[in-house]
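S.K.: Once you've had a glance at the structure underneath, I'll fire off some questions.
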């Protein structure tokens, strides 16, 4: 990759808007790996080419907490069965069919739940869907898997947890306000426990295997910078498609799900 070159430019170039039909890009990867950042960068590149772009998080397609509680799934929140994937698939179908207006549910990280009212928006030229379940099915025209070393992703998750707890200090409505009085060491201990018992098993069992559905893998370094972009042979099997990714690897596993904090 040449110095100063945009590493995502080849990915943007592969998404050619089609008149009357929305192109769909799915961006998947581990919790805290930086999917939303990659999605936003792709959106900026596409907009520079004159395309209209909407970015949606799959978190909005989680079943509401009340539904998860009724189904005994609250402690597995973030696992594929806790999402309304049929609703996401229906949105993609409507967008591709040229429906003039679309709507999508919205997730509140402050409330740790789906909001009551969906957001409506005009059908864009390109719809970018990002989230841990974005490649659970082949939703998009282009599948992107964001990869990093597991140790780096854990470190990023712990740092994010500190940011969320710190931000909740003056926000009693925040889901994280209950931890605002904890010291830094206690927050780190909590975050590591959540990663080990919840997010790592989700990555190993449910997220990393979906890299087999990706067309391209974006490899990130310890500083979050994109180090390489690898195009995947569509004929490659799961073993080839997931080689080198933050995925099945030795490490503690425990029951649990996980959702972007």
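S.K.: Could you tell me which of the residues 46, 85, 62 is touching a helix residue (DSSP H, G or I) at 6+ places or on another chain (Cβ under 8 Å), buried (at least 21 other Cβ atoms within 10 Å of the Cβ), modelled with pLDDT of 95 or more and farther than 30 Å from residue 172 by Cβ?
M.R.: Testing whether each residue is touching a helix residue (DSSP H, G or I) at 6+ places or on another chain (Cβ under 8 Å), buried (at least 21 other Cβ atoms within 10 Å of the Cβ), modelled with pLDDT of 95 or more and farther than 30 Å from residue 172 by Cβ leaves just 46.
S.K.: Moving on to the next point. Pick out the one residue from 191, 159, 151, 208 that is at pLDDT 95 or above, within 18 Å of residue 83 (Cβ to Cβ) and not in a loop (DSSP other than H, G, I, E, B).
M.R.: 208
S.K.: Go through region 48-87 and give me each residue that's assigned to a helix (DSSP H, G or I), free of Cβ contacts under 8 Å to residues at least 60 places away in the same chain and either touching a strand residue (DSSP E or B) at 6+ places or on another chain (Cβ under 8 Å) or within 23 Å of residue 14 (Cβ to Cβ) (or both).
M.R.: Once the filter is applied, which keeps residues that are assigned to a helix (DSSP H, G or I), free of Cβ contacts under 8 Å to residues at least 60 places away in the same chain and either touching a strand residue (DSSP E or B) at 6+ places or on another chain (Cβ under 8 Å) or within 23 Å of residue 14 (Cβ to Cβ) (or both), region 48-87 yields 48, 60, 65, 68.
S.K.: Here's a check for you: in region 138-160, which residue that is touching a helix residue (DSSP H, G or I) at 6+ places or on another chain (Cβ under 7 Å) and more than 19 Å from residue 15 (Cα to Cα) is surrounded by the fewest Cβ atoms within 10 Å (Cβ to Cβ)?
M.R.: Filtering first and then ranking leaves 158.
S.K.: Which condition breaks for residue 90 when tested against (1) in contact (Cβ under 8 Å) with a residue 60 or more places away in the chain; (2) more than 25 Å from residue 10 (Cβ to Cβ); (3) not in a loop (DSSP other than H, G, I, E, B)?
M.R.: Failed condition: (1).
S.K.: Search region 1-43 for residues being without any contact (Cβ under 8 Å) to a residue 60 or more places away in the chain, in a helix (DSSP H, G or I) and more than 17 Å from the chain's Cα centre (by Cα), and hand back the single one that is surrounded by the most Cβ atoms within 10 Å (Cβ to Cβ).
M.R.: 12
S.K.: Of the conditions (1) more than 25 Å from residue 74 (Cα to Cα); (2) without any contact (Cβ under 8 Å) to a residue 24 or more places away in the chain; (3) assigned to a loop (DSSP other than H, G, I, E, B), residue 185 clears all except one; give me its number.
M.R.: (3)
S.K.: Let me ask something else. If a residue has to be within 23 Å of residue 102 (Cα to Cα) and under 17 Å from the mean Cα position of the chain (by Cα) to count, how many in region 54-77 make the cut?
M.R.: Counting residues in region 54-77 that are within 23 Å of residue 102 (Cα to Cα) and under 17 Å from the mean Cα position of the chain (by Cα) gives 10.
S.K.: I'd like the residue in region 103-118 that is assigned to a strand (DSSP E or B) and touching a strand residue (DSSP E or B) at 6+ places or on another chain (Cβ under 6 Å) and, out of all such residues, is surrounded by the fewest Cβ atoms within 10 Å (Cβ to Cβ).
M.R.: Here is the first cut: in region 103-118, the residues assigned to a strand (DSSP E or B) are 103-104, 107-108, 113-114.
Keeping just the survivors that are touching a strand residue (DSSP E or B) at 6+ places or on another chain (Cβ under 6 Å) gives 103-104, 107, 114.
Details: 103: 13, 104: 19, 107: 20, 114: 21.
Of everything passing the filter in region 103-118, 103 is surrounded by the fewest Cβ atoms within 10 Å (Cβ to Cβ).
S.K.: Kindly evaluate residue 78 against the criterion of being on the phi > 0 side of the Ramachandran plot and surrounded by fewer than 16 Cβ atoms within 10 Å (Cβ to Cβ). Talk me through it step by step, then tell me what you get.
M.R.: Details: on the phi > 0 side of the Ramachandran plot: yes; surrounded by fewer than 16 Cβ atoms within 10 Å (Cβ to Cβ): no.
So residue 78 fails the test.
S.K.: In region 128-145, is there at least one residue being farther than 30 Å from residue 101 by Cα and in contact (Cβ under 8 Å) with a residue 24 or more places away in the chain? So that I can check it myself, show each step before the final result.
M.R.: Kept after step one, since they are farther than 30 Å from residue 101 by Cα, are these residues of region 128-145: none.
No, every residue in region 128-145 fails to be farther than 30 Å from residue 101 by Cα and in contact (Cβ under 8 Å) with a residue 24 or more places away in the chain.
The values are calculated or read from the model by the stated rules, or taken from the named source; none is laboratory data. Because the structure is predicted, anything quoted here is derived from the model rather than measured. Positions of Cβ are generated from backbone atoms using ideal geometry, with glycine treated the same way; all protein chains shown enter the neighbour counts.
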